[in-house]
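Enquirer: The structure under discussion is supplied below as structure tokens; questions concerning it will follow.
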Amino acid sequence: MLSHDLYFGQWTKVFLIVMPVIAISFDMFWLVHRFDRRRRLAFRRIFSAKRMAGLISGVLLLGGLMFFQGSFTSIKNMLPALRGGFIDDRAQADIDAWLHFGVDPWILLHSVLGQDWVRSVIEFNYNVLWFILCFGALFFVATSPSADGIRKRYLLLFAFVWIGCGNILAGLFLSAGPAFYGAVVGDQARFAGLIAFLSRGDGVSSAAEYQTYLWALHESGSAGFGSGISAFPSIHVGLITLNALFLNGYSRRLGVVAFAYVAFIQISSVYLGWHYAIDGYVSMTLVVAAYYALTAVLKRRWERTHPTVTVPSLPVAS
């Protein structure tokens, strides 16, 4: 079953109503706070034809992306049926343990951070703040004239993360992740401690509740908002790495903060049982490689279409 209709309501509210209102409200707040005598000039610039055209065209682009997200979800829902189930969890979990000195990495994390309040903070960040940052960045790039220079690269790489990592590689190396390991492999003991710890959480950002929701949809063969299970590679880590790369290109200081946040998301994905550590490692590697490869390709294309013009030297008297 196709899943496009699942996104019409939520996507329309968020990207076609809420975020445009936030963007215009922020511009108005900045105008009132920052400018005094030149407020009228600033107002005309903020609400110029170029700014409004960028906002409207960007919102239309984001409206089209709801079909993109619906297609992604449809394919992700089909992957277990196409591959005959989640066939790579045991191998990926074993590789994970081998890379971390024979210990599943969630054990190392929980031995240091195994407190309920830490879990609550990590759950809120992973399920709520990550969404605001990643899709807020998408909205900014799609609608702001300030992002004209990076829009093409950003959107191509955004699509690469979802399609290349989230559909193609996920289908080739299909795994469900530690939270579902017992259900797909039959070994309930390996991640029992992790599941027991997560089950103590509650609230809208609870990882355990969302994992229960996803598995119920999977077992019933139904589609839902954000449905579909696949762990390898990590979309969470891939998208936040993409944003960190662009922030680093804008400011090295912001880049340091952004990459520290990438590390936090990577740790969180393992801590909450969504991913094996290798899921994030592979995502980071692929996104960094794709970023520099695409940048090089576009740079060469620009140099071919805009060759350097040599200006002849003029006489000194002139």
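Enquirer: Under the 0.36 nm per residue contour assumption, what length would be gained going from the current alpha-carbon distance of L16 and A183 to full extension? If you can, show how the numbers build up before the last one.
Expert: On the way: separation 167, 0.36 × 167 = 60.12 nm, distance 3.89 nm.
Net length gain for the segment: 56.2 nm.
Enquirer: Here's a follow-up. How much accessible surface does M66 have with a 1.4 Å probe, in Å² rounded to 10?
Expert: It works out to around 20 Å².
Enquirer: Which order do L172, L62 take by accessible area at a 1.4 Å probe, largest first? Intermediate results must be reported in sequence, preceding the final value.
Expert: On the way: L172 100, L62 0 Å².
These residues rank, largest area first, as L172, L62.
Enquirer: Once you charge only the Cβ atoms, +1 for Lys and Arg and -1 for Asp and Glu, what is the size of the charge dipole of region 173-318 about its Cα centre, to the nearest 20 debye?
Expert: For this selection, approximately 740 debye.
Enquirer: Report the net charge of residues surrounding G182, where surrounding means a beta-carbon distance below 12 angstrom and charges are Lys +1, Arg +1, Asp -1, Glu -1. Intermediate values should be presented prior to the final figure.
Expert: Numbers: positive: R90, R190; negative: D89, D187.
Neighbourhood net charge equals 0.
Enquirer: Return one whole number: the accessible area per residue of the chain in Å², for a 1.4 Å probe.
Expert: Numbers: 17300 Å² over 318 residues.
Normalised by residue count, the accessible surface of the chain is 54 Å².
Enquirer: Then there is this: By Kyte-Doolittle mean hydropathy of at least -1.0 and Cα axial length of at least 18 Å, which whole DSSP H helices of the chain are selected? It would help to have the intermediate numbers written out before the result.
Expert: On the way: long enough: 19-34 (22 Å, 1.12); 49-83 (50 Å, 0.82); 130-143 (20 Å, 2.26); 207-220 (20 Å, -0.41); 235-250 (23 Å, 1.25); 252-271 (28 Å, 1.17); 277-305 (42 Å, 0.38).
Answer set is 19-34, 49-83, 130-143, 207-220, 235-250, 252-271, 277-305.
Enquirer: If I compute Cα extents along the principal axes in Å from the structure I just sent, which labelled value in (1) 58, 52, 40; (2) 85, 44, 42; (3) 70, 47, 30 lines up?
Expert: (2)
Enquirer: Once the Cβ-Cβ distance between F67 and E219 is put in as r, and R0 is 22 Å, what FRET efficiency do you end up with, to the nearest 0.05?
Expert: Numbers: r = 27 Å, r/R0 = 1.24.
For F67 and E219, the calculated efficiency is 0.20.
Enquirer: I've got another one for you. Comparing I267, I122, I107, which has the greatest mean-square fluctuation in the GNM of the chain with Cα pairs linked when under 10 Å apart?
Expert: Maximum fluctuation in the GNM of the chain, among the listed residues, is at I107.
Enquirer: Still on this structure, please answer the following. Measure off, as a whole percent, the carbon and sulfur share of the 1.4 Å-probe accessible area of the chain, all protein chains present. Kindly include the intermediate steps, with their values, before the conclusion.
Expert: Working: 11670 of 17300 Å².
With neighbouring chains kept in place, the figure for the chain is 67 percent.
Enquirer: Using a Förster distance of 22 angstrom, determine the FRET efficiency expected from the C-beta separation of R253 and S146, and round it to 0.05. Walk me through the intermediate numbers first.
Expert: Numbers: r = 18 Å, r/R0 = 0.83.
With a Förster radius of 22 Å, E is 0.75.
Enquirer: Where nothing but the Cβ of Lys and Arg (+1) and of Asp and Glu (-1) is charged, how large is the charge dipole of the chain around its Cα centre, in debye to the nearest 20? Each step should come with its number before you reach the end.
Expert: Values: 25 positive and 17 negative charges, 442 e Å.
It comes to approximately 2120 debye.
The values are calculated or read from the model by the stated rules, or taken from the named source; none is laboratory data. Given the structure is predicted, the values throughout are model-derived calculations rather than measurements. Reconstructed Cβ throughout: ideal geometry from the backbone, glycine too, with neighbour counts over all protein chains shown. Please note that ligands, DNA and RNA were not included when accessible areas were found on the heavy atoms of the full protein model with its side chains. Shrake-Rupley method; radii C 1.70, N 1.55, O 1.52, S 1.80 Å.
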